[in-house]
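Below: the structure, in structure tokens.
The values are calculated or read from the model by the stated rules, or taken from the named source; none is laboratory data. Keep in mind that what you see is a predicted model, and the values were worked out from it rather than measured. Quick reminder, even Gly has a Cβ in these numbers, built from the backbone with ideal geometry, and neighbours come from all protein chains shown.
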Amino acid sequence: MRRPYLFFLSPIYALAVSIRNWLFDAGLLKSIRFGTPTLVIGNLSAGGSGKTPHTEYFLSLFIEKKCAVISRGYGRKTKGFLWVESDSTADFVGDEPLQMKKKYPHIPIAVCEDRVMAVPELMEQFPETELILFDDAFQHRYLNGKCQVLLSMYSDLFVDDTYLPGGNLRESQMAAKRADMVIVSKCPNNLNPSEMAILEEKLSRYTAAPVFFSRLEAENAVFPLGNERQSEELKEENMMVFSAIAGGSKWAESYRSLFKAKTGQLTYRDHHRFSIHDIRLLRKKWEALNKPLILTTEKDWMRLQQFQQELDGLPLLYFPIFVKFLKDDIALKKQLEFCLFQR
């Protein structure tokens, strides 16, 4: 999303970022690389490029390794280093780390604003860890990751963006040179080889790293409050969107064809902390729309589950998503293994 009325402030932000990066490049600010291999996943833009689903993908890719995850825990009410447990709340640890923990309960997951400080804490308790994954830490330059994966969303490539607050860039486009690989995420299913080649050429102006292409796919619908429907039954029912993630309700467009019709929406900013008032407003809107199914996201459900009593009776559903690469998934793993364990 561009904000032309704020373009005049972008040069000020750009100057501050440039000074910071110069201090790191000149060695006046120090980056730390740990002995344990570290995989950093991040982007240059603010907003949802799919960092958490890709982190989950990498966990599944290295399932034979003793992995751990460190995340900032954005949106939590707490501060400092905390362990994420399966019964934690999103207010305590953040929605995305909680989502990962529920999928991978056996993997140590911690949240901390200071990624460098978090590593010794993690290693003290889990010294057998063979690989640490950092969700959203590309811009965290105090950490010098062994392998740095840069995500850029197909519909909003960093090469076409400008600095905050006029645009979405939180780092210079030239920062892409730090990447060991680039993933163009959230690609359409029908992206063909010639289009991929055009995108690779655009990205090559800023980085020599290999480029991969991924998309998000959905699993079967989950009805966390009961009232389940079979897939074929969804076609007979209307739905409304209720969510608080980046991009408003655009994410729901790919699901519209699964339902009879979309009849309304109620959306909030990314990581919004739902309240009793929000639930009451949802119920009121749901009734006004003649009680359609309520489509939300798995990430939103992490923040909604504390209101199960207030949500009782509402036909809430979400589709768990996972990452699938359009080609070269074997080459992707080989590149990761080389960066992390061989060079």
Please state which of the following conditions I245 fails to meet, knowing it meets all the rest: (1) surrounded by 15 or more Cβ atoms within 10 Å (Cβ to Cβ); (2) over 20 Å from R303 (Cβ atoms); (3) not basic (K, R).
(2)
Residues that are closer than 18 Å to C339 by Cα, out of contact with any Gly (no Cβ under 6 Å at 6 or more places or on another chain) and crowded, with 18+ Cβ neighbours inside 10 Å: does the range 40-53 have at least one?
yes
Restricting to the range 292-307, give me the number of residues that are among the aliphatic types (A, V, I, L, M) and over 16 Å from N227 (Cα atoms).
2
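Could you check the range 306-318 and list, in sequence order, the residues that are part of a helix (DSSP H, G or I) and either surrounded by 17 or more Cβ atoms within 10 Å (Cβ to Cβ) or acidic (D, E) (or both)?
Going through the range 306-318, the residues part of a helix (DSSP H, G or I) turn out to be 306-311.
Selection gives E310, L311.
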Here is a check on your reading of the model: is L311 under 23 Å from the mean Cα position of the chain (by Cα) and over 30 Å from I183 (Cα atoms)?
no
Run down E236, E253 and say which single residue is on the phi < 0 side of the Ramachandran plot and more than 27 Å from the chain's Cα centre (by Cα).
E236
What pairs come up if the first residue lies in the range 274-297 and is in the same structural domain as Y255 (by TED's automatic domain parsing), the second is acidic (D, E) and assigned to a helix (DSSP H, G or I), and their beta carbons are under 9 Å apart, counting only those six or more places apart or on different chains?
F274/D300; I276/E310; I279/E310; R280/E310; R283/E310
For E171, all conditions in the list (1) among the acidic types (D, E); (2) surrounded by 19 or more Cβ atoms within 10 Å (Cβ to Cβ); (3) more than 26 Å from E96 (Cα to Cα) hold save one; what is the number of the exception?
(3)
If you check E337 against the conditions, is it acidic (D, E), more than 30 Å from D180 (Cβ to Cβ) and not in a loop (DSSP other than H, G, I, E, B)?
no
In the range 188-238, residue surrounded by the fewest Cβ atoms within 10 Å (Cβ to Cβ) [restricted to those that are touching a residue at least 60 places away in the same chain (Cβ under 8 Å) and among the polar types (S, T, N, Q)]
N220
Looking only at the range 1-57, count every residue that is in a helix (DSSP H, G or I) and either of a type in the set (G, A, S) or in contact with a strand residue (DSSP E or B) (Cβ under 8 Å, 6 or more places away or on another chain) (or both) and tell me the total.
14
Six or more apart or on different chains, Cβ under 9 Å: which pairs go from a residue in the range 12-35 that's assigned by TED's automatic domain parsing to the domain that holds Q148 and more than 17 Å from K177 (Cα to Cα) to one that's among the basic types (K, R) and modelled with pLDDT under 95? Could you list them?
Y13/R170
Just to check your reading of the model, which residue among I321, I294 is crowded, with 21+ Cβ neighbours inside 10 Å and touching a strand residue (DSSP E or B) at 6+ places or on another chain (Cβ under 9 Å)?
I294
What's the number of the condition R115 fails, among (1) under 25 Å from I183 (Cα atoms); (2) of a type outside the set (S, T, N, Q); (3) exposed (fewer than 15 other Cβ atoms within 10 Å of the Cβ)?
(3)
Scan V159, V111 and give me the residue that is of a type in the set (V, I, T) and more than 17 Å from A46 (Cβ to Cβ).
V111
Only one of D180, D156 is closer than 30 Å to L317 by Cβ, surrounded by 16 or more Cβ atoms within 10 Å (Cβ to Cβ) and either without any contact (Cβ under 8 Å) to a residue 40 or more places away in the chain or out of contact with any His (no Cβ under 8 Å at 6 or more places or on another chain) (or both), namely D156
